[in-house]
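Here is the structure we will look at, set down as structure tokens.
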Amino acid sequence: MKKTKTTHAPQTLDDVERLLGELALKDARRRALTAKMDAELKAVRDRYAADLDALDAAQKALAEEIASWAELHKAAFGEKRSLVLTHGAIGWRLGNPAIRLKPRVKAEQALAMVKEKLPAYVRTVEELDKAGLLAAVAGKALDAEDLAACGLRVAQTERFFCEPKTEEA
């Protein structure tokens, strides 16, 4: 049999005020604990930062040396793109294919040529300018009847909020 948690709804505005006070106290305590935790984490990060930076720089320098060897000795890879060695693997990875402009060709020129020779590969997007419609309604250039004639309406939701004051309790 499932146990259900029962909550008692406050009956008066004073009850709500008391509950909001409790919420504010819990919020202040949570923020204080979070600040304390963040300070401790920062101290730990600061303690290790210099060593980690030195190790990162050393790893980068070693990887650059290995890459320069690989560039000079591509024949060692044979037909393969990588080599498995005792302490790891080295090699080249192919990136994702991408369309790029050829040298001295501008984007506008390429678009014009694709429109002429390969029109199936040109996108055109038509969509509602919702922000413009909302601005027109707010500025009284359009009204609800104008929108209704087009099968549209302005909708707005309402959500409850509960924000405790953030002063220290």
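The values are calculated or read from the model by the stated rules, or taken from the named source; none is laboratory data. This structure is a prediction, so every number in the text was calculated from the model and none was measured. With ideal geometry, Cβ positions are generated from the backbone for all residues, glycine too; neighbour counts draw on all protein chains shown. Side chains are part of the model used for accessible areas, which takes the heavy atoms of the whole protein and leaves out ligands, DNA and RNA. Shrake-Rupley method; radii C 1.70, N 1.55, O 1.52, S 1.80 Å.
Under a crude label model (7 Å from the Cα following the beta-carbon direction), how far is Glu71 from Ile99 in nanometres?
Reported label-point gap for Glu71 and Ile99 is 3.1 nm.
Out of the trypsin sites (Lys or Arg not before Pro) in the stretch 8-88, which ones are loop residues according to DSSP with at most 11 other C-beta atoms within 10 Å?
Values: sites: Arg18, Lys26, Arg29, Arg30, Arg31, Lys36, Lys42, Arg45, Arg47, Lys60, Lys74, Lys80, Arg81; in loops: Lys80, Arg81.
Taking the stretch 8-88 and a limit of 11 other Cβ atoms within 10 Å, the loop trypsin sites (Lys or Arg not before Pro) found are Lys80, Arg81.
Just to verify a number: FRET efficiency for Met113 and Trp92, C-beta to C-beta distance, R0 = 41 Å, to 0.05? Present the calculation step by step, with values, prior to reporting the outcome.
On the way: r = 32 Å, r/R0 = 0.79.
E between Met113 and Trp92, to the nearest 0.05, is 0.80.
What percent do you get for the relative contact order of the chain when only Cα pairs under 8 Å and 6+ apart count? Let's see the in-between values first.
On the way: 43 pairs, mean separation 51.8, N = 169.
After rounding, I find 31 percent.
Enter the Cα centre distance for the pair the stretch 118-142 and the stretch 11-40, rounded to the nearest angstrom.
First find each Cα centre; the distance between them is then 45 Å.
Only helical DSSP H runs with n ≥ 4 go in: add -39500 (n - 2.57) per run for the chain, normalise by residue count and round the 222 nm mean residue ellipticity to 500 deg cm²/dmol.
Details: 4 runs with 86 residues, N = 169.
My calculation for the chain gives -17500 deg cm²/dmol from helical runs alone.
Top to bottom by accessible area (1.4 Å), largest first, where do Tyr48, Tyr121 land?
Tyr121, Tyr48
Apply the Karplus parameterisation 6.51 cos²θ - 1.76 cosθ + 1.60, with θ equal to phi minus 60°, to every residue of the stretch 143-151 and state each ³J(HN,Hα) to the nearest whole Hz, in sequence, with x for glycine and proline.
In residue order, the calculated couplings are 10, 4, 5, 4, 5, 4, 5, 9, x Hz.
Test of understanding: given the chain, find the longest segment containing no GluC sites (Glu not before Pro) that are in a DSSP loop and have at most 13 other Cβ atoms within 10 Å. Walk me through the numbers before you get to the answer.
Details: sites that count: Glu79, Glu126, Glu127, Glu158, Glu167, Glu168.
The segment 1-78 is the longest one with no such site.
Any idea what Rg and Dmax come out to for the stretch 39-169 if you just take the C-alpha atoms, in Å?
Radius of gyration, then largest Cα-Cα span, for the stretch 39-169: 30.0, 75 Å.
Can you give the local net charge around Trp92? Use residues other than it whose beta-carbon is closer than 14 angstrom to its beta-carbon, Lys and Arg +1, Asp and Glu -1.
Working: positive: Lys74, Lys80, Arg81, Arg93; negative: Glu71, Glu79.
With Lys, Arg at +1 and Asp, Glu at -1, the net is +2.
Using alpha carbons only, how many degrees (0 to 90, rounded to 10) separate the axis of helix 107-117 from the longest principal axis of the chain?
Result, in degrees: 80.
For the chain, which whole-number percentage of the solvent-accessible area (1.4 Å probe, protein heavy atoms only) is attributable to carbon and sulfur atoms?
Working: 9620 of 16790 Å².
Accessible surface attributable to carbon and sulfur in the chain totals 57 percent.
Could you give the radius of gyration (one decimal) and Dmax (whole number) of the Cα atoms in the stretch 1-83, in Å?
Considering the stretch 1-83 through its Cα atoms, Rg and Dmax are 29.6, 84 Å.
For Leu111, what accessible area in Å² do you get when you roll a 1.4 Å probe over the heavy atoms of the protein chains, rounding to the nearest 10?
Number for this one is 80 Å².
On average, how much accessible surface per residue is there in the stretch 21-80, in Å², for a 1.4 Å probe, leaving out ligands, DNA and RNA? Let's see the in-between values first.
Values: 5170 Å² over 60 residues.
Roughly 86 Å² per residue, with all protein chains present.
Keeping all protein chains in position, work out how much accessible area Asp14 exposes to a 1.4 Å probe, and write it in Å² to the nearest 10.
120 Å²
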